[in-house]
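Peer 1: One structure, pasted below without further comment.
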């Protein structure tokens, strides 16, 4: 799948965002290592901690279907460049420290590596334990 096709899948997911409070729609398309793509949108709630970002929505869908390895994620928004928040960075780091992050807004695309965005993150895959294989 091309980068633009992944961005288009994120744009499609953006249409389903539930954002009555912020009015900030975000869509994400997470690509698994076998090429399967899981999409997600942000879902707000009046109890703000219960809000889900598009990135974590896509991640939870993928993990709940047995996927654990991911290569890239495209994130699209309408109002501003949609870099992942800290909670999304940490959640994604659990499964894919070297995930390619592709953000797209207003015709502009930027890329980054997740590990560079959260250099002191922690988790099972963030710092593999080679000696006993626990993190693999």
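The values are calculated or read from the model by the stated rules, or taken from the named source; none is laboratory data. Only a predicted model underlies this, so the values are computations on that prediction, with no experimental measurement involved. Please note: Cβ atoms are built from the backbone with ideal geometry, for glycine as well, and neighbour counts cover all protein chains shown.
Peer 1: Among the residues of region 50-81, how many are outside any helix (DSSP H, G or I) and within 18 Å of residue 7 (Cα to Cα)?
Peer 2: 13
Peer 1: Here's a follow-up. With in a loop (DSSP other than H, G, I, E, B), at pLDDT 95 or above, in contact with a helix residue (DSSP H, G or I) (Cβ under 8 Å, 6 or more places away or on another chain) and on the phi < 0 side of the Ramachandran plot as the only criterion, which of 97, 20, 84 stands out?
Peer 2: 84
Peer 1: A further question follows. Quick check on my filter: what residues within region 61-84 are surrounded by 13 or more Cβ atoms within 10 Å (Cβ to Cβ) and within 21 Å of residue 19 (Cβ to Cβ)?
Peer 2: 61, 73, 74, 75, 76, 77, 78, 81, 82, 83, 84
Peer 1: Something else: Do we have any residue at all in region 91-103 that's touching a residue at least 24 places away in the same chain (Cβ under 8 Å), more than 10 Å from the chain's Cα centre (by Cα) and surrounded by fewer than 15 Cβ atoms within 10 Å (Cβ to Cβ)?
Peer 2: no
Peer 1: Considering each residue of region 23-36, count those that are crowded, with 19+ Cβ neighbours inside 10 Å and either modelled with pLDDT under 95 or within 13 Å of residue 75 (Cβ to Cβ) (or both), and give that number.
Peer 2: 7
Peer 1: Residue 31 - would you say it is in contact (Cβ under 8 Å) with a residue 40 or more places away in the chain and within 20 Å of residue 110 (Cα to Cα)?
Peer 2: It is true that residue 31 is in contact (Cβ under 8 Å) with a residue 40 or more places away in the chain and within 20 Å of residue 110 (Cα to Cα).
Per-residue answers, yes or no, for (1) in contact with a strand residue (DSSP E or B) (Cβ under 9 Å, 6 or more places away or on another chain); (2) in contact (Cβ under 8 Å) with a residue 60 or more places away in the chain:
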| residue | (1), (2) |
| --- | --- |
| 10 | yes, yes |
| 18 | yes, no |
| 24 | yes, no |
| 43 | yes, no |
| 61 | yes, no |
| 66 | no, no |
| 71 | yes, no |
| 76 | yes, yes |
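Peer 1: Going by the conditions given, is residue 58 at pLDDT 95 or above, buried (at least 16 other Cβ atoms within 10 Å of the Cβ) and touching a helix residue (DSSP H, G or I) at 6+ places or on another chain (Cβ under 7 Å)?
Peer 2: Considered against the rule, which asks whether it is at pLDDT 95 or above, buried (at least 16 other Cβ atoms within 10 Å of the Cβ) and touching a helix residue (DSSP H, G or I) at 6+ places or on another chain (Cβ under 7 Å), residue 58 comes out as no.
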